[in-house]
Amino acid sequence: MDEAAAELADLAQRLAQANDAYHRDDAPTLTDAEFDALKRRNQAIEIRFPELKRPDSATDQVGAAPSDAFGKVRHAVAMLSLANAFDDDAVVDFDARIRKYLTHSGPLNFTAEPKIDGLSLSLRYEHGQLVQAATRGDGETGENVTENAHTIADIPQVLKGAPEVLEVRGEVYMAHSDFDDLNARQVERGGKTFANPRNAAAGSLRQLDASITASRPLRFFAYAWGEVSAPLADTQHGAIGRLGALGFVTNPLTQLCSSPEEMVAHYRAIEQMRATLDYDIDGVVYKIDDLALQRRLGFRSATPRWAIAHKFPAELAWTRLTDIDIQVGRTGALSPVARLHPVTVGGVVVQNATLHNEDYIAGRDSKGATIRDGKDVRIGDWVQVYRAGDVIPKIADTDLAQRPKDSEPYAFPHTCPQCGSEAIRAEGDAVRRCTGGLICPAQAVERLKHFVSRNAFDIEGLGAKQVEAFYTDGWITRPADIFTLKDRYGSGLQQVKNREGWGAKSADNLFAAIEQRRTIPLHRLIFALGIRHVGESSGQLLARHYGSWSAFEGAMARAEVGQGHEWEELISIDGVGAVMATSLVVTFQNAAERAAIDDLARHLDVQDMQQRHVVETELTGKTIVFTGTLVKMTRAEAKARAEGLGAKVSGSVSAKTDLVVAGPGAGSKEKQAQALGVRLIDEDGWIAMIGDA
Ligand code: IVH
């Protein structure tokens with residue numbers, strides 16, 4: 001179990017990095033297949049151990065934070081991602097899950113359409129005029145690319161007969177033929193060529209100079225919508241038909257299906273056609289057709305319950321494994337990386353692949369079961385490389401017939417290659433970890449890099465490279481040092497100025513950027529601390545719950561693992577499990593960690609967390625407990641609806657509970673509510689409260 005948690009933590013980190021490289025920097029570090037493989041692994045573990053699912057799970061995440069170069073646009077309706085299905089069974093499960101959630105047994109219709117491999121764009125029309133275009137960004141806030149969208153031929157500038165407010169969403173992409181022409185032109189001009197049509201589309205749309213976008217052959221398929229002042233239709237296919245009638249290009253391969261079998265059949269048909277299409281697709285998207293049902297199904301974190309992307313299988317290639325390197329991560333995890341003789345896998349040159357951990361190298365999975373028929377992986381092996389999305393490749397297989405005669409099993413190091421400390425593997429942990437903590441330079445540097453990373457302190461002029469240089473010089477060894485840098489080295493700026501590549505101006509800018517970040521939102525600070533298992537969304541959860549640094553810090557300082565009021569409160573937060581809670585408490589109990597946190601906090605002005613729900617409802621901020629049987633909606637739907645209205649859902653009744661919804665068969669919780677004088681209602685009362693018939 002710990003092993004699974006560790007792997008999830010490790011995956012979270014790798015996926016986040018790859019995600020940023022792909023979405024924000026348009027410079028993928030992993031192939032699609034690699035990325036999908038990691039994501040799939042992540043999801044497989046989550047499905048097996050639902051209680052270990054991290055609040056920052058990549059399963060729930062969308063894109064990357066928007067770049068600062070463009071104006072920011074807050075999406076009126078979040079732009080979400082899709083959950084993935086990788087085989088036919090997952091499609092059957094998708095249908096079954098929906099039926100269970102809705103307690104529905106009659107026919108269900110779905111639309112099935114190609115998943116376009118481009119980048120999503122939201123177009124806002126007011127009174128029929130295109131007034132704004134925004135990229136997805138992190139799903140909540142995107143980049144304002146209105147000027148650029150005006151230059152795309154497929155995007156109507158004016159709509160006739162559209163609702164007063166209409167946000168049309170779809171994919172910007174580049175056709176293969178246009179992509180080839182563009183690259184040829186780039187070569188002629190000595191400009192840079194693009195690795196694939198998706199990168200070309202992203203690079204062309206995200207141009208600060210719209211005339212460059214205008215010169216690039218971008219296209220657009222409409223497949224969804226955001227805010228609308230009047231419904232487009234009652235069904236998904238009806239709405240898409242309406243978008244077509246309004247002048248948008250919609251995908252001709254969209255089909256209505258009435259069973260998982262029909263969906264899979266359409267998937268096969270599209271897969272057959274894939275090579276003949278003039279644009280890249282990476283799967284087929286299924287959506288519940290009835291929009292009223294879509295509304296009822298709603299969303300879980302970042303993905304809708306009513307849709308899923310059925311991805312095409314990964315791509316494979318064989319090559320020589322030339323070496324195995326060990327990287328030491330922020331939390332001390334020793335991660336083996338395979339160095340490969342460069343090989344093209346699905347159009348991308350791959351030179352590195354993850355080997356996960358020592359068991360994986362030895363031919364065992366995290367449960368100790370055999371993988372690759374028990375074959376280990378050795379330096380010199382002829383290996384099969386696998387990639388499934390735009391992500392980290394992995395080694396799927398090794399060919400024993402091609403193994404060099406003198407090869408030896410890989411001996412996984414038991415000491416940290418960076419600091420020499422013992423590297424131990426805790427009971428049940430898949431990962432061997434350096435015990436050096438803050439004395440390990442690799443861990444210290446990785447933590448600093450994390451601290452200054454985009455979603456943490458995001459200090460302009462202090463990126464991963466600079467942090468490394470400052471660390472090497474001994475100027476910044478822990479986060480607090482950043483905020484004393486000016487006092488220690490700033491007078492006259494002499495020394496900073498003398499650093500290679502630095503002028504007085506850059507030093508001034510850096511100090512100004514640091515000053516700015518002395519004021520920091522609570523959730524960013526919590527995330528920045530780099531505590532194991534506490535990712536970005538956990539930072540949000542904790543910040544939302546505790547509200548202020550003093551409340552959070554006080555509770556963590558007093559908490560003890562497995563007991564007491566603070567512990568109970570911590571694990572009662574929806575999304576915080578025992579693994580994360582333990583990690584938090586243990587960190588705050590560690591004297592060195594504690595000192596580092598206190599020193600840091602002294603330099604900061606931490607902003608309290610704003611409440612997320614701007615629209616106040618009767619339930620905003622209330623704590624609700626559901627007990628007994630609900631007949632009209634499942635527990636999951638009730639919980640999702642309550643949270644959507646700004647309430648917290650708790651599993652136990654206490655004096656802090658505001659409302660108990662009790663169905664038939666409710667036992668002790670109902671009695672407790674009566675004893676405590678907590679407001680008690682039945683399911684009909686609940687339905688009336690949330691305004692559903
Ligand atoms: S529907 C609420 N339909 O895939 C979900 N998305 O992984 C709305 N995509 O962000 C998305 N083709 O960029 C939808 N036919 C299609 C799509 C599609 C490509 C992209 C889109 C989305 C991502 C989700």
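Values in this text are rule-based calculations from the coordinates and carry no lab data. Note that the structure is predicted; figures quoted are calculated from it, not measured. Positions of Cβ are generated from backbone atoms using ideal geometry, with glycine treated the same way; all protein chains shown enter the neighbour counts.
On a straight-distance basis, which lysines could pair with LYS367 in a cross-link, Cα separation under 24 angstrom, same-chain partners fewer than 8 positions away excluded? LYS367 reaches LYS39, LYS53, LYS375, LYS394. For a test of the definition: using alpha carbon positions, the gyration tensor, and the 1.5 limit on a/c, classify region 612-693 as rounded, prolate or oblate. It is oblate, given that a/c is not under 1.5 and a/b is not larger than b/c.
Taken over the C-alpha atoms, region 552-596 has Rg and Dmax values of 9.9, 29 angstrom. Since only VAL452, ALA504, VAL649 are under comparison, the one whose Cα sits farthest along the positive direction of the charge dipole of the chain, derived from C-beta charges on Lys, Arg, Asp and Glu, is ALA504.
Computed extension length for THR276-ALA245: 8.5 nm, one decimal, from 0.36 nm per residue of separation with the Cα-Cα distance subtracted. Neighbour counts of C-beta atoms inside 10 Å place GLU262, GLU164, GLU427, GLU637 in the sequence GLU427, GLU164, GLU262, GLU637, starting with the fewest. The alpha carbon centroids of region 622-693 and region 353-369 are separated by 44 Å. Counting only Cβ charges, +1 for Lys and Arg and -1 for Asp and Glu, the dipole size of region 263-320 around its Cα centre is about 360 debye. Straight Cα distances below 18 angstrom link LYS632 to the lysines LYS100, with same-chain residues fewer than 8 positions distant left out. D by Stokes-Einstein for region 88-140, Kirkwood Rh over Cα pairs, 25 °C, 0.890 mPa s: 165 µm²/s.
About its Cα centre, region 569-669 has a charge dipole of approximately 520 debye under the convention of +1 per Lys or Arg Cβ and -1 per Asp or Glu Cβ, with nothing else charged. Spatial offset of region 517-544 relative to region 153-203 amounts to 36 Å, using the alpha carbon center of each. Taking the number of Cβ atoms within 10 Å of each Cβ as an exposure proxy, the fewest-first ranking of GLU261, GLU408 is GLU408, GLU261.
Nearest 5 is fine: what % of DSSP beta bridges in the chain come out antiparallel, could you say? Roughly 80 percent of the beta bridges in the chain run antiparallel, per DSSP. What lysines could a cross-link reach from LYS671, if we take a straight Cα to Cα line under 18 Å and drop same-chain neighbours fewer than 8 places away? Partners within reach: LYS656.
One decimal place: the segment VAL586-LYS375 gains 72.2 nm when fully extended, by the rule 0.36 nm per residue minus the C-alpha distance.
By other beta-carbon atoms within 10 Å, ranking ASP323, ASP429, ASP56 with the fewest at the front produces ASP323, ASP429, ASP56. Zone of ARG602 (label point 7 Å along Cα→Cβ, backbone N under 12 Å): which residues in region 463-484? Only 480-481, 484 fall inside the zone, counting backbone N under 12 Å. A helix-only calculation puts the chain at -10500 deg cm²/dmol for mean residue ellipticity at 222 nm, using -39500 (n - 2.57) for each DSSP H run of at least four residues, averaged over all residues.
Per the Debye formula on identical point scatterers at the alpha carbon atoms of the chain, with no solvent, log10 I(q)/I(0) at q = 0.05, 0.07, 0.10 Å⁻¹ is -0.26, -0.53, -1.13. Once you reduce region 323-352 and region 455-476 to the center of their Cα atoms, the two points are 24 Å from each other.
Simple point charges give the picture: +1 on the Cβ of Lys and Arg, -1 on the Cβ of Asp and Glu, and for the chain a dipole about the Cα centre of about 600 debye.
Here the extension length gained between LEU400 and GLU227 equals 56.6 nm, from 0.36 nm per residue of separation less the Cα-Cα distance. Each of ALA595, PHE626, LEU584 was scored by the projection of its Cα onto the charge dipole of region 580-633, and the greatest displacement toward the positive side belongs to PHE626; charges sit on the C-beta of Lys, Arg, Asp and Glu. Which residue, chosen from PHE483, VAL345, ILE392, occupies the Cα position most advanced towards the positive end of the dipole of the chain, where the dipole is computed from +1 (Lys, Arg) and -1 (Asp, Glu) charges on Cβ about the Cα centre? About the Cα centre, the residue reaching furthest to the positive side is PHE483. With a simple spin-label model that places each label point 7 Å from the Cα along the Cα-to-Cβ direction, the separation between HIS341 and ILE571 comes to 5.3 nm.
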